[in-house]
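Below is one structure, written out as structure tokens, with a few remarks after it.
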Amino acid sequence: MKTIILIILAALLGVPGFAQTNFRSITYDEALAAAKAENKLVFIDFYTDWCGPCRRMAREIFPQQQVGDYMNQRFVCIKLNAEKEGKELAKLYQIKAYPTFIAIDADKKVIFTKVGGGEAKEFIDEIDRMIDPERTPERMKARYEAGERTPGLISSYVAYLKAEVQKQRNKKPLLDQIDTMVHDYFHELTDTGKLSRENLFLYTDYVRSVNDEIAQYMVAHRNDFDEQSRKEVNQTIERLYYMEIYNYLSGNTAYEPQTYQTLKQQINELGLNADKRYDPCFSLIECHAQGDMNAFLKLCEETYPILNKNLKSIFISNFSLWFEGQDDVLRQQASRFLRGLLADMEANDLVFAAYQIVQLEGEGH
């Protein structure tokens, strides 16, 4: 019996979402009463049965411990089907898209309305900003224009602007504003400030290229961060260099000898290629740069099987770009190479491969 109990306890402790968001099975009025008694806000998740993003939030985001810990501490949470038991409240709160999340106080005052889900950290950060009166868009703008340059304000204000980018048709002005704000703030920091954990967001959230001066500082000082931050810094560095390889393999970056050799040297010196995962990529990039496309296609046949899963997907996603401007014979050979891989491809890669075959065999080629 003791053994059985230990097994059951171990199984329970291993269940994902054990500290998940507590959506209570209570009515709207009961939620208001509970919020008043517990000095919390009411959080309402308006969803529908047919909404894919709603199901993803319920399945992947709300069960996470970091989300549950945050939500349960601040909210009385309930879920309402906007087409069933929550229909009247959805009409009252003018819910028009799903999922929509609203927070109200015990007096029914709306604190925020958020449309759409997101990843766990971003979801928490956005809600945390929306319930703080000092971090409303208007208040943050005023604080920034008054000259405040604290980590909390910069991280929150830039995160808000970053979210607003998705709503803009012409994204460049807002992206330029974000870039200017981040770099101006970085330039004002001392070395101590640049290495502090409260400013770690500059590296983990906003650096997009290894060539950015902020990225270069992070790489040069990667061992100077505190132990807790160092892990995140190293993960960020690995991600940035991975994206550089991604851009070469997907045809988004044109080969320039000196730039490429510098990148290759840095990847090796940083230990990012200790397991030789990038060696096949280097071979493909360098062979293509030499211009012998028959040799390149032969190397593709030899190299593809030894690429890891992610690198295979990248390589396939824009495969036809490697053969732009080549004659029909070579393009047909490249297409046959792709067709020969289809039987063993995963579903996501099949979609990309099919499109690349169309590009290689399409009219005018």
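List of remarks:
- Selection within region 279-322 - assigned to a loop (DSSP other than H, G, I, E, B) and in contact (Cβ under 8 Å) with a residue 24 or more places away in the chain: 307, 308, 318
- Any hit, region 235-248, residues being open to solvent by less than 80 Å² (accessible area, probe 1.4 Å) and over 19 Å from the mean Cα position of the chain (by Cα): yes
- Inter-residue pairs, beta-carbon under 6 Å, first under 15 Å from residue 127 (Cα atoms) and among the aromatic types (Phe, Trp, Tyr) and in region 147-170, second in a helix (DSSP H, G or I) and modelled with pLDDT of 95 or more, 6+ apart: 157/140; 157/144
Residue-wise test of (1) open to solvent by less than 30 Å² (accessible area, probe 1.4 Å); (2) among the β-branched types (Val, Ile, Thr); (3) within 28 Å of residue 53 (Cβ to Cβ); (4) out of contact with any Ser or Thr (no Cβ under 7 Å at 6 or more places or on another chain).
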residue: 123; (1), (2), (3), (4): yes, no, yes, yes
residue: 129; (1), (2), (3), (4): yes, no, yes, no
residue: 140; (1), (2), (3), (4): yes, no, yes, no
residue: 150; (1), (2), (3), (4): no, yes, no, yes
residue: 153; (1), (2), (3), (4): yes, no, no, yes
residue: 159; (1), (2), (3), (4): no, no, yes, yes
residue: 170; (1), (2), (3), (4): no, no, yes, yes
residue: 179; (1), (2), (3), (4): no, no, no, yes
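- For region 216-226, the candidate set comprises residues that are open to solvent by 30 Å² or more (accessible area, probe 1.4 Å) and in a loop (DSSP other than H, G, I, E, B); within that set, the residue that is nearest to residue 238 (Cα to Cα) is 222.
- Residue in region 137-146 that is assigned to a loop (DSSP other than H, G, I, E, B) and either in contact (Cβ under 8 Å) with a residue 60 or more places away in the chain or touching a Leu at 6+ places or on another chain (Cβ under 7 Å) (or both) present: no
- Residues located in region 325-346, provided they are assigned to a helix (DSSP H, G or I) and either acidic (Asp, Glu) or open to solvent by 70 Å² or more (accessible area, probe 1.4 Å) (or both): 328, 329, 336, 339, 343, 344
- Every test in (1) acidic (Asp, Glu); (2) touching a Ser or Thr at 6+ places or on another chain (Cβ under 7 Å); (3) surrounded by fewer than 14 Cβ atoms within 10 Å (Cβ to Cβ) is passed by residue 232 save one, and that test is (3).
- Residue-level analysis places residue 283 among those that are among the small types (Gly, Ala, Ser), open to solvent by 50 Å² or more (accessible area, probe 1.4 Å) and either out of contact with any strand residue (DSSP E or B) (no Cβ under 6 Å at 6 or more places or on another chain) or farther than 22 Å from residue 318 by Cβ (or both).
- Those residues of region 181-215 which are assigned to a loop (DSSP other than H, G, I, E, B) and either open to solvent by 70 Å² or more (accessible area, probe 1.4 Å) or touching a Pro at 6+ places or on another chain (Cβ under 6 Å) (or both), in sequence order: 190, 208, 211
Here is a yes/no grid of residues against (1) of a type in the set (Ser, Thr, Tyr); (2) open to solvent by less than 70 Å² (accessible area, probe 1.4 Å):
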| position | (1), (2) |
| --- | --- |
| 262 | yes, yes |
| 271 | no, yes |
| 290 | no, no |
| 299 | no, yes |
| 314 | no, yes |
| 321 | no, yes |
| 353 | no, yes |
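- Where residue 276 falls short, out of the listed (1) at pLDDT 95 or above; (2) open to solvent by 60 Å² or more (accessible area, probe 1.4 Å); (3) not in a helix (DSSP H, G or I): (1)
- Exactly one residue out of 236, 259 is within 24 Å of residue 180 (Cβ to Cβ) and among the polar types (S, T, N, Q), and it is 236.
The values are calculated or read from the model by the stated rules, or taken from the named source; none is laboratory data. Being a predicted model, the structure only gives us computed values, none of them experimental. Heads up, the Cβs are rebuilt from the backbone with ideal geometry, glycines too, and the neighbour counts pull from every protein chain shown. We work out accessible area using only protein heavy atoms, side chains counted, and drop any ligands, DNA or RNA first. Shrake-Rupley method; radii C 1.70, N 1.55, O 1.52, S 1.80 Å.
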